[in-house]
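Below: the structure, in structure tokens.
The values are calculated or read from the model by the stated rules, or taken from the named source; none is laboratory data. Just so you know, these numbers come straight off a predicted model, no measurement behind them. Because the Cβ atoms are built from the backbone with ideal geometry, glycine has one as well, and the counts that use them run over all protein chains shown. With ligands, DNA and RNA removed, areas are computed over all heavy atoms of the protein, side chains included. Shrake-Rupley method; radii C 1.70, N 1.55, O 1.52, S 1.80 Å.
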Amino acid sequence: MKRDSLISIILSIMVLISIGLTYISINSHSFYNYITNQDVEDSLETLPDDSTITDYDVTAFYDSSNLELKNVLRPSGYYFHENENFYWLNQADIQQTISAYFSSRPIIIDNPNDINQAENIYSLFEDDYLEIVFPELLPMGLLNNYLGMDEPREQDFQINQILIPFDGSQTIYLINSQTGEFVRGRLTEQLTKEELKKVVSDNTDTFLPVRRYYGNYHFIYLPIDSIDVVSQLYTLDELPDNLFISQMFSSDSQPQIVSTSNTSTIYRNYRYSLEINNATKRLDFMISRIDDGVDSNLIEGIEDSFNMIRQYEYWPGDLRITNIVNGRITYRHHLNNLPIFTAPNLPDYGSSTVHLRNDNSHDVYRFQTSLLIPQAFIDGVNQSYTIESDEEMINYLAERGLSLDEFDYATIGYEWQADMEEFQKFILVPKWFLTFDDRHYALDQIDSDTFRNHYEEVIMQAEEEI
């Protein structure tokens with residue numbers, strides 16, 4: 001009996017120790033932040049204004065994004081037209097196969113400066129075809145994973161579509177759907193259209209049937225039937241301040257704390273300024289130019305912006321360039337091949353943004369990103385959400401006096417929810433997102449004042465320009 005009692009006591013003690021360790025493990029990040037914040041606050045009380053911050057190397061504990069430039073220039077959609085039927089090639093393996101074809105046998109561009117203007121760009125889409133759509137206009141010279149040409153760094157004609165009509169020719173169209181301009185290319189002799197079509201047509205039973213609609217600039221494809229997509233739940237990890245301080249100021253003079261508050265801290269030296277916002281969990285890094293800069297083009301600007309991503313981006317999954325507006329380049333985080341947006345009134349935790357100077361230098365002068373990254377996937381508590389079919393979406397818009405041809409893109413993505421339990425978790429809910437005037441709105445945001453005000457502003461501006 002004594003032995004049994006002793007064993008019970010020992011087991012009880014071990015259980016209590018286990019529970020305690022588990023609690024510390026779960027809350028260690030918050031505890032770490034508390035301790036480090038206390039250290040900073042205490043140091044601010046005693047250090048003179050000209051004192052500096054001691055570097056602390058934490059880079060060994062985190063891996064920055066291990067991506068190549070081609071990884072962030074990936075298409076947002078692959079679509080196949082055959083015998084009046086349309087399909088969305090939504091399987092990652094098929095997309096990778098098509099990409100591998102062009103990577104090993106790039107499309108030949110004989111005359112990249114021979115830019116044609118189509119009276120009606122939709123007239124190019126009459127035959128059976130494979131269409132590859134990018135989420136943003138990109139300079140041809142960057143798409144060397146698809147295109148082969150001499151002096152690619154000089155080819156800044158921007159495209160957002162590659163159209164491969166399955167006709168009797170080898171011609172391929174590289175299209176800027178916003179201007180209606182295009183450049184002709186051709187397949188190599190080692191890759192015929194028949195071979196490419198066979199890869200696609202042999203798998204139509206696995207593709208998602210869609211209908212084709214006119215969008216603002218190009219076709220938009222919507223599923224004929226509603227589809228079910230599961231939400232995602234992850235625990236959150238917050239990147240520590242010292243991770244960025246030790247890198248961004250590593251080869252320069254030590255930074256000083258020039259401003260601090262309950263919500264943010266600013267570190268600065270003669271060239272760099274780094275603001276850590278503890279309320280929004282966002283980082284803002286500014287670069288002062290110490291010379292006049294050198295003339296360059298958008299291609300070099302995008303390459304330089306990607307260097308910032310490679311150094312300071314810690315999102316563990318996929319990123320893609322989805323917007324380039326007024327020198328602001330958005331690298332949107334993806335999960336399960338779907339882009340991540342955020343619920344209204346939240347900071348954009350689903351992206352990192354690099355700003356280029358609005359001059360001929362295209363120099364990077366600002367980098368903004370989130371301090372929050374996923375830590376562990378929580379299985380078994382996810383919900384299934386029904387994504388609207390084409391008719392349901394068309395009817396939804398019509399009831400609000402809108403039509404699909406007023407929008408640039410329609411894509412299924414995740415919405416980062418506001419409920420984060422003090423930044424301990426995040427929930428991603430799948431929804432339709434519509435792009436209007438370079439801004440993304442979830443379908444259920446179409447009723448919001450935010451969208452309506454933006455919509456009316458754009459309509460009024462268009463009427464004034466007529």
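Hey, any idea what the orientation-averaged projected area of the convex hull of the range 69-217's Cα atoms comes to, in nm²?
On the way: hull surface 33.9 nm².
Seen from a random direction, the Cα hull of the range 69-217 projects 8.5 nm² on average.
Based on DSSP loop calls and a cut-off of at most 13 other Cβ atoms within 10 Å, the longest stretch of the chain free of exposed chymotrypsin sites (Phe, Trp or Tyr not before Pro) is what? List each step's numbers first, then the result.
On the way: sites that count: 56, 62, 270.
That would be 63-269.
Here the range 222-285 is treated with +1 on each Lys and Arg Cβ and -1 on each Asp and Glu Cβ, and its dipole about the Cα centre works out to around 380 debye. Taking amide H as placed 1.01 Å from N in the peptide plane, the amide H of residue 387 sits under 5 Å from that of 227, 228, 229, each at least 5 places away or on another chain. Heavy-atom surface analysis with a 1.4 Å probe gives the range 310-353 a carbon and sulfur content of 41 percent of its accessible area.
If you plug the beta carbon distance of residue 297 and residue 383 into 1/(1 + (r/R0)^6) with R0 = 56 Å, you get a FRET efficiency near 0.75. Between the listed residues 160, 277, 213, the Cα displaced farthest toward the positive end of the dipole of the chain, a dipole computed from Cβ unit charges relative to the Cα centre, is found at 277. Ranking 81, 173, 420 by how far each Cα lies toward the positive end of the dipole of the chain (charges on Cβ) leaves 420 at the top. Could you pull out which residues in the range 302-338 have an amide N less than 17 Å from a spot 7 Å beyond the Cα of residue 93, following the Cα-Cβ vector? Only 337 fall inside the zone, counting backbone N under 17 Å.
Taken about its Cα centre, the chain carries a charge dipole of about 1400 debye when Lys and Arg each add +1 at the Cβ and Asp and Glu each add -1 at the Cβ.
Compared with the rule-of-thumb size 2.2 N^0.38 Å for a compact globular protein, the range 242-373 has a Cα radius of gyration ratio of 1.07. Looking at the chain, the accessible area is 50 square angstrom per residue; that uses a 1.4 Å probe and ignores ligands, DNA and RNA.
Quick one: angle between helix 92-104 and the longest Cα principal axis of the chain, in degrees between 0 and 90, rounded to 10, please. Rounded to the nearest ten degrees, it is 70. Applied to the range 314-327, the Karplus parametrisation 6.51 cos²θ - 1.76 cosθ + 1.60 on θ = phi - 60° returns per-residue 3J(HN,Hα) values of 10, 4, x, x, 8, 10, 8, 5, 10, 8, 9, 10, 6, x Hz, with x for Gly and Pro.
Residue 110: net charge of surrounding residues, Cβ under 9 Å, Lys/Arg +1, Asp/Glu -1, itself excluded? Around residue 110, the charge tally is +1.
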